[in-house]
Amino acid sequence: MSQKPAFDFSHYDLPDTNGHFGPYGGLFVSETLMAALEELREAYEHYLKDPAFIKELDDTLAHYVGRPSPMYHAERWSRELGGAQIYLKREDLNHTGAHKINNTVGQALLARYMGKKRVIAETGAGQHGVASATVAARFGMECVVYMGAEDIQRQASNVFRMKLLGAKVVPVTSGSKTLKDALNEAMRDWVTNVDSTFYIIGTVAGPHPYPAMVRDFQAVIGREAKEQCMQQVGRLPDALVACVGGGSNAIGLFYPFLADKDVAIYGVEASGYGIESGKHAATLCAGKPGVLHGNRTYLIEDKDGQIIETHSISAGLDYPGVGPEHAWLKDTERATYVPISDDEALDAFHALTRIEGIIPALESSHALAYAKKLAPTMNKDQVIVVNLSGRGDKDIHTVAAREGITL
Amino acid sequence: MASRLKPCFDSLRAQQRTALIPFITAGDPKPEITVPMMHAMVDAGVDVIELGVPFSDPMADGPVIQKASERALELHTSLHDVIGMVKEFRKINNNTPVILMGYLNPVEIMGYESFAKQAAEAGVDGVLTVDLPPEEATGVIEIFRNNNLDPVFLIAPTTTDDRMKKICSVASGFVYYVSLKGVTGAANLDIQGVADKVQQIRRHTDLPVGVGFGIKDAEIAAGVGAVSDAVVVGSALVKKFEEFTDSPDKIQKEVVAILSSMRTALDADVKKTGTK
C-alpha cells in the first residue's frame with residue numbers, strides 16, 4: 001500500500017463485527033459454510049465471556065499445558081552479541097513443545113461446550129496436528145487430521161505421534177500436497193459434516209471468527225510476557241520479535257502490547273533461499289493483497305491470482321498467506337516485517353543451542369536470527385523479548401540433512 | 001448489451017421447460033477444446049453455459065473439479081484467457097447465456113472494474129464468485145450490475161430464512177440452490193428436501209431457482225427439474241474430461257451423450273405433467 005492509513009492504536013478494538021482489520025480479514029467463504037461460521041462466532045463470543053468456560057480454560061492451561069511459561073534472560077548470548085538484553089518467552093516448554101497447544105486447548109474446550117464430538121484439523125509440519133490430537137485425546141473426541149502427502153513423507157515422526165494419540169491422519173494428494181491443500185481438504189470435510197464437527201484452525205488466518213479467536217487464545221503469551229517483563233526488568237520491553245508464518249505465536253505476543261506505542265514490534269518472515277530466488281515464504285515482505293482461505297490478506301501469488309508454492313526450511317512458516325491482522329499492522333506500520341533466510345535461521349539455531357543450551361524450533365530460529373541482528377544496534381540496558389515459539393527436537397533430521405549428516 | 005439470462009428464463013418459463021445448465025472448467029484439458037465443446041453442448045440442447053475459471057485452491061469443490069482446475073492450470077489458463085474463450089464463442093453464438101463461475105482472487109487481481117468491463121464486452125452474462133457472500137460483495141454487485149452482469153449467488157441447505165431473503169434481494173439472473181451439504185460431486189440427493197427448499201426460496205423471490213451439486217444422471221435431473229427452474233450438471237461431465245484426457249473427441253461424445261439424455265428426460269417430464 002503506497003500510503004500509510006492513519007489509525008489510533010491506543011483504543012485498539014479490531015476486528016469489527018464482520019471480522020475486518022481495515023480492508024483485511026472478513027468472511028470470504030462459500031454459502032455452504034456461512035451457517036457453521038455464524039454458529040461458531042456466536043459460541044466464541046458467548047463462551048469467552050462465560051466465567052465457567054474461562055475457569056476451565058485457565059485450569060487446563062495451568063495444569064495440563066504448564067503455564068505460565070518462563071521468561072528467560074539469555075545472558076550469555078546477549079553478552080556475546082554486545083547490545084540489548086535478550087529475553088526468551090519459553091513457549092517451547094509447553095506440553096507438546098510449542099505455542100500451538102494454547103489454541104487447541106481453547107478450541108477443543110469450545111467444541112465441547114458446543115456439543116461437538118468430532119474435531120478436524122489441518123497441519124503442515126505436524127505441530128498443530130499433534131496439538132489437536134493431544135487435546136482430542138484429553139477431551140475424548142474423535143480427531144481427523146488432514147496433512148499434505150508431501151508433508152507426511154517429511155514429518156514421519158509427527159504422523160506416528162498423532163496416530164499414537166488416536167487421531168486419523170488423512171493424506172492430501174491434491175494441489176501442491178502441502179499445508180494449503182490440507183486446509184482446503186479440512187474445509188471440505190467441515191462443509192460435509194458440519195453438524196457434528198468442529199474445525200480447529202491452527203493459525204490466525206481463515207474466515208472470521210478464526211483470526212480473532214485464535215489470537216485471543218494465544219494472547220496469553222503476551223499477557224504473561226508483559227507481567228514477567230515488569231517483574232524482571234521493571235518496565236516494558238523496547239522491542240518484541242516473533243516469527244510469522246500464519247502468525248499465531250507472533251500475534252499472541254504482540255496483541256497485548258499494541259497500545260504501548262514505545263514498544264517496537266518485529267515480525268520475522270521466512271525468505272528461504274532469498275526473496276529474489278522466488279523460493280521463499282515472506283508473504284508480507286514480498287506478496288500483495290488478495291483473497292484466500294476465507295480472508296483478504298497478503299498472498300504469494302502469480303500475475304493471474306493463482307497461489308504459488310512457497311519454500312522455507314521451516315515447515316511451520318511455509319504458507320502462502322498470513323493472518324489478516326498482520327496485514328493491517330504492516331500497512332499501519334505498527335509492526336515491521338522483515339525477512340530471514342534459511343541460512344540465517346540455521347546459524348541462529350546453532351548459536352542458541354551452543355551458547356544457551358536450548359535447541360529452538362527452526363520457526364523460532366527465524367525470530368532469533370533477527371534478534372541477533374537487532375541486539376547489537378541497541379544499548380545494553382535495552383530489552384528485546386523474543387518468542388521462542390517451539391522446541392527444535394522435531395527439526396534435528398532437517399538440520400542434519402541440510403548439513404549433509406546422516407543420522 | 002443486457003444480460004441474456006432473463007430473456008432465456010422468460011422464454012423457458014413460457015414453454016414450461018426446465019433449463020439445462022452444464023458446468024465445465026475452461027481450458028480443461030487444453031484451452032483449444034473449450035469453445036468447440038460449448039457449441040457442441042448448445043447443439044445437445046443446453047440453455048445456459050456455466051464456465052469454470054480455474055483456480056489453484058478451489059475450496060468449495062470436490063476432487064473431480066479440483067483436478068479439472070489443475071489440468072487447466074498446467075497450461076496456465078487465466079481469467080483473461082477464459083474471457084477470450086467467451087468472446088470466441090460469441091462469434092457464432094449470440095444467444096446462449098454464459099456465466100463465469102470461480103473464486104474471487106483472480107478477479108481481485110484483475111481489478112473489479114476492469115474484469116466487469118472486459119467480461120461484459122466479451123459477452124459474459126453472469127458471474128458466480130463462490131467465495132464472495134453478499135456481506136462482502138457491497139460495491140462489487142454495483143460494478144457487475146453497471147456492466148450488465150448478473151451477480152449469481154448460492155443458497156445452501158443450511159442457509160437460514162433471513163439470509164435467504166438477503167441473498168435473494170441482491171441476486172439477479174437466477175439463484176443457485178446447492179442441493180447437498182458438502183462439496184461438488186458428493187452423493188445422496190433427497191428430492192423431496194430439494195422441493196421444500198425451492199418452495200421456501202420462491203417465497204423470497206420471483207427469480208428462477210437453479211439446483212446443482214449431485215445431479216449425476218438423467219433420472220435425478222428429471223426429478224430435480226420437476227421442482228425447479230434449472231438443473232446444473234458439473235462433476236458428472238467433468239469426470240469424462242478426466243477419464244478421456246488424451247482424447248478430446250471422446251470427451252465431447254460422452255458429454256453430449258449425458259446432456260442429450262438429460263434434455264430428453266427433462267422434456268419428457270414437461271409432457272407428462274403438462275405444468276410445473
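The values are calculated or read from the model by the stated rules, or taken from the named source; none is laboratory data. Keep in mind that this is a model prediction, so the values were computed, not measured. With ideal geometry, Cβ positions are generated from the backbone for all residues, glycine too; neighbour counts draw on all protein chains shown. The area values use the complete protein model at the heavy-atom level, side chains included, leaving out ligands, DNA and RNA. Shrake-Rupley method; radii C 1.70, N 1.55, O 1.52, S 1.80 Å.
If you go through region B:139-173 and keep only what is over 18 Å from the mean Cα position of the chain (by Cα) and open to solvent by 40 Å² or more (accessible area, probe 1.4 Å), you end up with B:E142, B:R145, B:N146, B:T160, B:D161, B:D162, B:K165, B:K166, B:S169. Taking the criterion of being assigned to a helix (DSSP H, G or I), facing chain A (nearest Cβ under 8 Å) and surrounded by fewer than 24 Cβ atoms within 10 Å (Cβ to Cβ), the residues of region B:47-79 that qualify are B:P63, B:K67, B:E70, B:L73. Taking (1) outside any helix (DSSP H, G or I); (2) open to solvent by 30 Å² or more (accessible area, probe 1.4 Å); (3) at pLDDT 95 or above in turn, A:N387 satisfies each apart from (2).
Return the total of residues in region A:1-24 being buried (at least 22 other Cβ atoms within 10 Å of the Cβ) and away from chain B (no Cβ under 11 Å). Final tally of qualifying residues: 2. Looking at (1) within 14 Å of another protein chain (Cβ to nearest Cβ); (2) outside any helix (DSSP H, G or I); (3) more than 22 Å from A:L183 (Cα to Cα), which is the only condition B:I24 fails? Failing condition for B:I24: (1).
Kindly establish whether A:D262 is open to solvent by 10 Å² or more (accessible area, probe 1.4 Å), under 28 Å from B:L132 (Cβ atoms) and part of a loop (DSSP other than H, G, I, E, B).
The answer is no for A:D262.
Considered as a group, the residues in region B:187-213 that are closer than 19 Å to B:E50 by Cα and open to solvent by 10 Å² or more (accessible area, probe 1.4 Å) include one that is nearest to the chain's Cα centre (by Cα), and that residue is B:F213. Those helices (runs of 4 or more DSSP H) of region A:170-248 in which 2 or more residues are open to solvent by 30 Å² or more (accessible area, probe 1.4 Å) occupy A:179-192, A:220-232. For region B:80-108, the set of residues classified as within 11 Å of chain A (Cβ to nearest Cβ), touching an Asp or Glu at 6+ places or on another chain (Cβ under 7 Å) and either open to solvent by 10 Å² or more (accessible area, probe 1.4 Å) or not in a helix (DSSP H, G or I) (or both) consists of B:Y103 only. Annotation note: of A:L27, A:L37, A:L88, the sole residue that is open to solvent by less than 10 Å² (accessible area, probe 1.4 Å) and within 14 Å of another protein chain (Cβ to nearest Cβ) is A:L37. Selection of region A:288-317 for residues being more than 10 Å from chain B (Cβ to nearest Cβ) and either in a loop (DSSP other than H, G, I, E, B) or surrounded by fewer than 24 Cβ atoms within 10 Å (Cβ to Cβ) (or both) yields A:I300, A:T310, A:H311, A:S312, A:I313, A:S314.
Being in contact (Cβ under 8 Å) with a residue 24 or more places away in the chain, outside any strand (DSSP E or B), closer than 20 Å to A:T123 by Cβ and out of contact with any Phe, Trp or Tyr (no Cβ under 8 Å at 6 or more places or on another chain) is a description that does not apply to A:A270.
When region A:350-379 is filtered for residues that are among the hydrophobic types (A, V, I, L, M, F, W, C), open to solvent by 10 Å² or more (accessible area, probe 1.4 Å) and in a helix (DSSP H, G or I), the ones remaining, listed by number, are A:A351, A:I355, A:L374. If you go through region A:40-49 and pick out every residue that is surrounded by 13 or more Cβ atoms within 10 Å (Cβ to Cβ) and away from every other protein chain (no Cβ under 14 Å), you end up with 6. Checking B:L237 against (1) within 28 Å of B:D131 (Cβ to Cβ); (2) open to solvent by less than 40 Å² (accessible area, probe 1.4 Å); (3) modelled with pLDDT under 95, which single condition isn't satisfied? In the conditions (1) within 28 Å of B:D131 (Cβ to Cβ); (2) open to solvent by less than 40 Å² (accessible area, probe 1.4 Å); (3) modelled with pLDDT under 95, B:L237 misses (3) alone.
Of everything listed in (1) at pLDDT 95 or above; (2) small (G, A, S); (3) open to solvent by 50 Å² or more (accessible area, probe 1.4 Å), the single unmet condition for A:A401 is (1).
Of the helices (runs of 4 or more DSSP H) lying entirely inside region B:136-246, those carrying at least 3 residues that are more than 26 Å from B:P63 (Cβ to Cβ), of a type outside the set (K, R) and within 14 Å of chain A (Cβ to nearest Cβ) are B:161-170. For region B:122-135, a residue qualifies if it is open to solvent by less than 10 Å² (accessible area, probe 1.4 Å), assigned to a strand (DSSP E or B) and within 14 Å of another protein chain (Cβ to nearest Cβ), and exactly one does: B:L128.
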